[in-house]
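Before any comments, here is the structure.
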Amino acid sequence: MGKDGRRRRRQQGSQRTRDQAAVRTATRPAPPKPKNWFQRQHGGVQTLVVLGVTALVVGGHFFLWGAVFPALGAAVGRVPVVSTAAGWLFGGGAFIAWGVVAINQDTAKPATVKRLHVVAWVWTAVAVELFPTGYANGISLPVDFWAGVYAGAYGVLLTPVALGVVALGWWLLVTKLAGRKGEPSHQAIGWICVGYAALLLVWGSTLLRT
């Protein structure tokens, strides 16, 4: 009896230790998410970075419309389909890039996803520079190229509206009619981005046609 009692007490003590360890593991707070380079900088550096990026975007807008678009439009302006696609690519390509990121988010290697994010953010910066200001409206471009550029530019401007329409459509078709709960998967979001970019290209190909 004495040996059995000591054995049971040792077993109970071991079980109690395991239970306490499990409780500590369950209640242990999640490790903080590592900060990126921008978040690790102090306020002054962050302000300089924001101002520098803003200056680059504004300067890029004038360079894009004043130098790149006229030269590229003249080069591809004689082929309507190519001209429209080339103009659309500056804005529509950003949605394609984010679509590729979302589609590969769960399957690609972390390094690959990181590179895809860099490409998408750079392309987004170019798309933002398409903002049709008065300076842009005064630039003379071939009609087909102009249609592609403006389809991409206004596609970027209408992104909040497009997101609202997609969210409403998902709620009606998937949540209410199909009875499925939950948010769309990364793959679904990616294909939505690709579909939106394709829709902009179709719009650009019919813009200004009579």
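The values are calculated or read from the model by the stated rules, or taken from the named source; none is laboratory data. The structure displayed is predicted, hence computed values, not measured ones. Backbone-built Cβ (ideal geometry, glycine too); neighbour counts: all protein chains shown. All accessible areas refer to the heavy atoms of the entire protein, side chains included, with ligands and DNA or RNA removed. Shrake-Rupley method; radii C 1.70, N 1.55, O 1.52, S 1.80 Å.
Side notes on the structure shown:
- Test for residue 144: is it outside any helix (DSSP H, G or I) and either among the β-branched types (Val, Ile, Thr) or touching a residue at least 40 places away in the same chain (Cβ under 8 Å) (or both): no
- Flag for residue 203 being over 22 Å from residue 60 (Cβ atoms), open to solvent by 90 Å² or more (accessible area, probe 1.4 Å), out of contact with any His (no Cβ under 7 Å at 6 or more places or on another chain) and touching a residue at least 60 places away in the same chain (Cβ under 8 Å): no
- Contact map, region 53-78: first residue open to solvent by 30 Å² or more (accessible area, probe 1.4 Å), second residue in a loop (DSSP other than H, G, I, E, B) and among the acidic types (Asp, Glu), Cβ cut-off under 7 Å, separation 6 or more or different chains; pairs are 57/129.
- The lone criterion from (1) in contact with a Phe, Trp or Tyr (Cβ under 9 Å, 6 or more places away or on another chain); (2) in contact (Cβ under 8 Å) with a residue 24 or more places away in the chain left unmet by residue 187 is number (1).
- Residue match in region 180-192 (condition: open to solvent by 50 Å² or more (accessible area, probe 1.4 Å), part of a helix (DSSP H, G or I) and among the basic types (Lys, Arg)): no
- When residues in region 77-94 are screened for being part of a helix (DSSP H, G or I) and more than 14 Å from residue 64 (Cβ to Cβ), 8 of them pass.
- Selected residue [out of contact with any helix residue (DSSP H, G or I) (no Cβ under 7 Å at 6 or more places or on another chain), assigned to a helix (DSSP H, G or I), small (Gly, Ala, Ser) and modelled with pLDDT of 90 or more] from 198, 153: 198
- Test result for residue 98, touching a helix residue (DSSP H, G or I) at 6+ places or on another chain (Cβ under 6 Å), assigned to a helix (DSSP H, G or I) and either of a type in the set (Lys, Arg) or more than 30 Å from residue 140 (Cα to Cα) (or both): yes
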